[in-house]
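Notes to accompany the following structure.
The values are calculated or read from the model by the stated rules, or taken from the named source; none is laboratory data. Predicted model only: the values in this text are computed from it and were never measured. Here the Cβ is made from the backbone with ideal geometry for all residues, glycine too, and neighbour counts use every protein chain on show.
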Amino acid sequence: MRDDLAIQLGPLRLRNPLVMASGTFGFGLDYRGLVEPDQVGAVVTKGLSLQPWVGHAPPRLVESPCGAINAIGLENPGVDLFVERLLPELVATGATVIANVVGKTQEEYAEVARRLEAAGGVAAVELNISCPNVKEGGVAFAASPVMAASVVRAVRAASRLPVFVKLAPMAADPVEVALACAAAGADGFTVANTYPALSIDVERGQPALTAEVGGLSGPAIRPLSVRLTARIWRATGLPIIGSGGVETARDALEYLMAGARAVAVGTATFYRPTAALEILEGLRDYVARQGLASLETLVGRAVGPPEETAADIEGQAAAYLERTGALLHGHFRLSSGLHSDRYVEKFRLLERPRVAEALVRLLAIACWDLRPEVVVGPATGGILLAYELARQLGVSRAFFTERVGGRMALRRGFSVAAGEAVLLVEDVITTGGSLMETAQAVQAAGGRIVGACSLIDRSGGRFRPPFPYRTLIRLDFETWDQAACPLCWQGVPIAEPGSRRIG
Ligand SMILES: Cc1cc2nc3c(=O)[nH]c(=O)nc-3n(C[C@H](O)[C@H](O)[C@H](O)COP(=O)(O)O)c2cc1C
């Protein structure tokens with residue numbers, strides 16, 4: 001096997017960038033004699049669920065100009081039967097196997113991944129959180145950054161297999177979903193699944209498909225998914241499998257130049273079963289004609305490099321500190337009374353709704369497992385953060401504490417039911433005093449603290465509350481008592497930012 005088209009896809013080394021798209025190549029064995037599973041870079045299996053799924057009644061596939069609309073309903077034999085009967089034969093062919101996973105809950109996704117890893121022979125999982133024609137699970141997960149990230153995190157916790165997330169092109173903002181998944185530990189993405197579509201049989205006066213809505217695939221969607229590939233590449237820099245309407249080498253090259261490192265062939269296989277092999281030949285020709293040492297040099301060529309690497313939460317959050325000018329240098333008296341040479345003006349972050357939203361998304365990802373019923377923050381940053389965090393976590397109530405006689409207290413009729421699960425959120429932790437007073441006020445009212453989080457922790461590791469605590473950024477600035485402050489000794493004028501004295 002020639003190695004001229006070999007490419008790195010995150011942790012996977014593929015013999016070439018051609019991947020057989022999920023659902024269009026069965027379990028890799030149906031096309032033997034036409035396309036051998038080890039001739040392509042990887043075989044992506046049909047979506048696998050924990051239990052067998054029956055799928056929708058026919059008709060399930062209808063032609064459409066420049067494409068097809070399908071609503072198979074993720075029919076599959078379930079992960080156990082796959083592992084027992086199909087996987088050994090597929091692995092024996094020498095194929096690189098990427099298992100596509102579906103589920104109705106994040107626990108199901110995690111369990112399927114766990115069983116696949118235990119079976120051995122699977123190189124990675126592709127999480128289908130984006131199927132447009134199933135009612136439960138499926139696209140619902142890809143619609144919300146927090147939900148999508150929670151699936152990734154659950155799968156990550158259950159298995160060590162590399163995780164590729166198949167994005168839904170019609171999510172309100174697929175880039176936000178991708179960033180959330182990256183922060184939750186995704187290794188890469190498949191961009192993208194099919195587009196929700198409706199075809200009507202005018203003779204019968206009914207939808208052409210039993211399920212009514214199906215997913216549009218084929219050349220009709222290619223420019224849309226190429227654009228999305230470029231957006232996800234620029235925003236995350238993570239490895240991408242481009243998918244949608246690839247029929248020729250030219251199409252595959254478009255995806256590579258938009259930032260993909262591998263390209264899936266789907267619908268084309270239905271009407272030209274050896275399409276993948278023809279595309280590979282075309283790619284070899286191109287590489288030879290252009291005198292390229294490898295395909296690597298093409299990745300993202302047409303759209304430029306990624307804006308930033310989005311894989312780590314702290315890196316993403318710290319980038320906002322820099323960009324907004326929230327980090328000030330000088331001589332400051334902090335609300336705790338301590339002196340410092342640096343001060344974080346959190347309102348440079350919070351005054352921008354888009355920045356606050358993005359930062360809180362990272363908090364939501366860090367706290368999804370705490371499952372709060374109420375979110376509470378100390379005023380004033382806490383008002384904004386608690387509201388936005390509750391909104392993103394899908395929690396129905398958010399409120400704040402404020403100072404009464406110098407101590408944080410619940411006012412304005414805010415109350416918690418006995419045993420209600422409360423998540424606390426703070427903007428900046430210096431000593432953690434306001435947060436702990438808030439915890440006491442909530443507990444005195446009967447609430448149960450399930451955890452706390454902050455945007456920034458500058459306690460130098462000294463804040464260790466007796467409940468789970470997550471922070472986005474740890475800033476280890478020195479602080480001094482007035483008597484020990486070197487800036488006071490030098491006579492540097494002191495500024496007193498913040499609102500404690502005023503409010
Ligand atoms: C009949 C059919 C079944 C599919 N089944 C799945 C599936 O089980 N899981 C999945 O993630 N994508 C599935 N897809 C989506 C494809 O993997 C692919 O992403 C999409 O069809 C776009 O590529 P294409 O235009 O080359 O077909 C299916 C597509 C078709 C046409």
- Which one is farthest from the ligand (Cβ to nearest atom), of the residues in segment 25-77 that are in a loop (DSSP other than H, G, I, E, B) and among the acidic types (D, E)? E36
- Message: So E89 passes all but one of these: (1) touching a Leu at 6+ places or on another chain (Cβ under 7 Å); (2) crowded, with 16+ Cβ neighbours inside 10 Å. Which condition number does it fail?
- Response: (2)
- Task: Kindly provide the set of residues from segment 167-214 that are surrounded by fewer than 24 Cβ atoms within 10 Å (Cβ to Cβ), closer than 30 Å to I365 by Cβ and within 13 Å of the ligand (Cβ to nearest atom), ordered by number.
- Result: P169, Y195, P196
- Condition broken by R323, with the remaining ones in (1) assigned by TED's automatic domain parsing to the domain that holds G406; (2) among the basic types (K, R); (3) surrounded by 16 or more Cβ atoms within 10 Å (Cβ to Cβ) satisfied: (3)
- Query: Residues T431, T380: which one is crowded, with 17+ Cβ neighbours inside 10 Å and farther than 17 Å from T471 by Cα?
  - Reply: T380
- Message: Looking at the structure I just gave you, is T431 more than 28 Å from A172 (Cβ to Cβ), over 29 Å from the mean Cα position of the chain (by Cα) and either outside any strand (DSSP E or B) or acidic (D, E) (or both)?
- Response: yes
- Task: Considering only segment 387-416, state which residues are without any contact (Cβ under 8 Å) to a residue 40 or more places away in the chain and part of a loop (DSSP other than H, G, I, E, B).
- Result: V395, S396, G405, G406, R411, R412, G413, F414, S415
- If you take the residues of segment 242-273 that are on the phi > 0 side of the Ramachandran plot and within 11 Å of the ligand (Cβ to nearest atom), which of them is surrounded by the fewest Cβ atoms within 10 Å (Cβ to Cβ)? G245
